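For reference, the structure discussed in these notes is given below.
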Amino acid sequence: MLTIESARAPRWADQAQTTIELFVTFAEYKEKIGEIPFTAHSFDAEAHCREVFDRAVAGEYGPIKPFAEPVPSEEELAARWKAERQALVDAIKVETHTFRVFDGNEVSQDRMARAIVSLIGQPKATVLWILADNSYAYVDAAELTEALNLARARQTELWVKP
């Protein structure tokens, strides 16, 4: 077991108050590494960790500052926004003039574009399409083009950061 020489600046590391972060100097490592950031758990397998926790809770190292949610970095915020935006794009649904509702996500947009290309030059041709509610409909190039344009417009609205 390590010998605790000093500890300071305790702060709750979690909402449940089972973990404390603080700075500790252990006698055995004082000369080699000095004071170190340390995390003490109420449930740790190491006796010196539980001792640091218990002594901190007893107030020996000063008042324990409250838990504070970490402030996300710019990169984390950007990644979170991109993930939220992608979820919104994945959920796009559009309604055409026939009141049919189409999935408008990126995969569906690609499928619409391929179907439209296959219908070029065939004004009366249709394709069997699975709509957003999983029902089937025969649709022509004009309606698929309308659905594709609506979906792409909605995606553009979502894609551009306000």
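The values are calculated or read from the model by the stated rules, or taken from the named source; none is laboratory data. Model, not experiment: these values are computed from the prediction. Every residue, glycine among them, receives a Cβ derived from its backbone with ideal geometry; neighbour counts consider all protein chains shown. Side chains are part of the model used for accessible areas, which takes the heavy atoms of the whole protein and leaves out ligands, DNA and RNA. Shrake-Rupley method; radii C 1.70, N 1.55, O 1.52, S 1.80 Å.
Odds and ends about this structure:
- Of all the criteria given as (1) of a type outside the set (Lys, Arg); (2) in a loop (DSSP other than H, G, I, E, B); (3) surrounded by 11 or more Cβ atoms within 10 Å (Cβ to Cβ), the one not satisfied by Gln15 is (3).
- Options Val52, Val24: the member that is in contact with a Ser or Thr (Cβ under 8 Å, 6 or more places away or on another chain) and either open to solvent by less than 50 Å² (accessible area, probe 1.4 Å) or among the small types (Gly, Ala, Ser) (or both): Val24
- Considering residues of segment 153-162 that are open to solvent by 70 Å² or more (accessible area, probe 1.4 Å) and in a helix (DSSP H, G or I) only, the residue modelled with the lowest pLDDT: Trp159
- Count of segment 63-76 residues which are without any contact (Cβ under 8 Å) to a residue 12 or more places away in the chain, surrounded by 11 or more Cβ atoms within 10 Å (Cβ to Cβ) and not in a loop (DSSP other than H, G, I, E, B): 1
Results for (1) at pLDDT below 95; (2) assigned to a loop (DSSP other than H, G, I, E, B); (3) loosely packed, with under 12 Cβ neighbours inside 10 Å, shown as yes or no for each residue.
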| position | (1), (2), (3) |
| --- | --- |
| Ala78 | yes, no, no |
| Val89 | no, no, no |
| Met112 | no, no, no |
| Gly121 | yes, yes, yes |
| Leu148 | no, no, no |
| Ala151 | no, no, no |
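- Filter result for the condition that a residue is among the small types (Gly, Ala, Ser) and under 32 Å from the mean Cα position of the chain (by Cα), over Ala141, Ala113, Ala125: Ala113
- Listed by first and then second residue, the pairs with beta-carbon distance under 8 Å, at least 6 apart or on different chains, first residue in segment 121-136 and within 16 Å of Ala147 (Cα to Cα), second assigned to a loop (DSSP other than H, G, I, E, B), are Leu131/Arg100.
- Every residue from segment 21-62 that is in a strand (DSSP E or B) and small (Gly, Ala, Ser): Ala40
- Subset of segment 91-101 (residues that are touching a residue at least 40 places away in the same chain (Cβ under 8 Å) and assigned to a loop (DSSP other than H, G, I, E, B)): Ile92, Thr96, His97, Thr98, Arg100
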